[in-house]
Amino acid sequence: MTLEELRDQIDVLDRQLVELLSERARAAQMAAHLKAAVSLPVYEPSREKAVYANVRAANKGPLPDIELTHIYERIIDVMRALQTNELASDRNAQAHAPGQGTGAQTPETGNRQ
């Protein structure tokens with residue numbers, strides 16, 4: 001296989017990774033809503049440890065477990081921030097819902113109701 005062919009393969013794999021990460025992010029957003037509904041915190045250390053254990057168990061190399069764990073630490077950090085932002089957006093939207101006496105601006109004029 002040539003270098004160009006390997007780079008093409010890497011590009012395809014990168015696109016697949018992006019798709020999978022986006023799918024994981026959507027699942028994390030849905031999990032945030034479920035956590036909020038049952039008053040669970042966004043940060044659950046025991047769940048994160050389970051994710052790391054699952055990743056290490058699935059690892060067949062060539063990445064060492066520690067390097068794969070580092071990658072997943074970053075992924076989980078990003079997903080946790082996404083969940084936090086999702087819940088903050090929901091709280092903000094609820095606080096400014098029409099008819100809630102929040103003084104929300106009308107979209108047409110930007111004036112307060």
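The values are calculated or read from the model by the stated rules, or taken from the named source; none is laboratory data. Only a predicted model underlies this, so the values are computations on that prediction, with no experimental measurement involved. Counting neighbours? That spans all protein chains shown, and the Cβs are built from the backbone with ideal geometry, glycine included.
Every condition in (1) surrounded by 10 or more Cβ atoms within 10 Å (Cβ to Cβ); (2) under 17 Å from Ile75 (Cβ atoms) holds for Ala58 except the one numbered (1).
Yes/no matrix, rows are residues, columns are (1) of a type in the set (Asp, Glu); (2) under 18 Å from Arg24 (Cβ atoms); (3) in a helix (DSSP H, G or I); (4) in contact with a Leu (Cβ under 7 Å, 6 or more places away or on another chain):
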site	(1), (2), (3), (4)
Glu48	yes, yes, yes, no
Tyr52	no, yes, yes, no
Val55	no, yes, yes, yes
Ile66	no, no, yes, no
Tyr72	no, yes, yes, no
Val78	no, yes, yes, no
Gln83	no, yes, yes, no
Glu86	yes, yes, yes, no
Asp90	yes, no, yes, no
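The set of residues from segment 58-94 being small (Gly, Ala, Ser) and within 24 Å of Ser22 (Cβ to Cβ) comprises Ala58, Ala81, Ala88, Ser89, Ala93. When Leu40, Leu17 are checked against the criterion of being part of a helix (DSSP H, G or I) and not aromatic (Phe, Trp, Tyr), a single residue qualifies: Leu17.
Against the definition (at pLDDT below 95 and out of contact with any strand residue (DSSP E or B) (no Cβ under 6 Å at 6 or more places or on another chain)), how does Leu87 come out, yes or no?
yes
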